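Okay, structure first, notes after.
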């Protein structure tokens with residue numbers, strides 16, 4: 001069985017963290033670049049902190 005990496009966020013942890021994040025509506029005029037998914041950004045932060 002493969003071991004999970006410490007920075008990978010499982011569904012159980014994400015269910016706790018997701019309600020704490022603010023919802024950001026995309027502007028209709030001058031929307032700019034699309035946001036990265038919050039879960040991937042959080043995993044990236046954990047990766048940097050771990051390494």
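The values are calculated or read from the model by the stated rules, or taken from the named source; none is laboratory data. Treat the numbers as computed from the prediction; the structure is a model and nothing was measured. FYI the Cβ positions are ideal-geometry reconstructions off the backbone, even for glycines, and counts take in every protein chain you see.
Taking region 10-51 as the range and being modelled with pLDDT of 90 or more and touching a helix residue (DSSP H, G or I) at 6+ places or on another chain (Cβ under 9 Å) as the test, the residues that pass are 14, 17, 18, 21, 36, 38, 39, 42. Between 24, 41, the distinction of being free of Cβ contacts under 8 Å to residues at least 24 places away in the same chain, within 14 Å of the chain's Cα centre (by Cα) and loosely packed, with under 10 Cβ neighbours inside 10 Å belongs to 24 only.
For region 9-21, a residue qualifies if it is surrounded by 11 or more Cβ atoms within 10 Å (Cβ to Cβ) and in a loop (DSSP other than H, G, I, E, B), and the qualifying residues are 9, 21.
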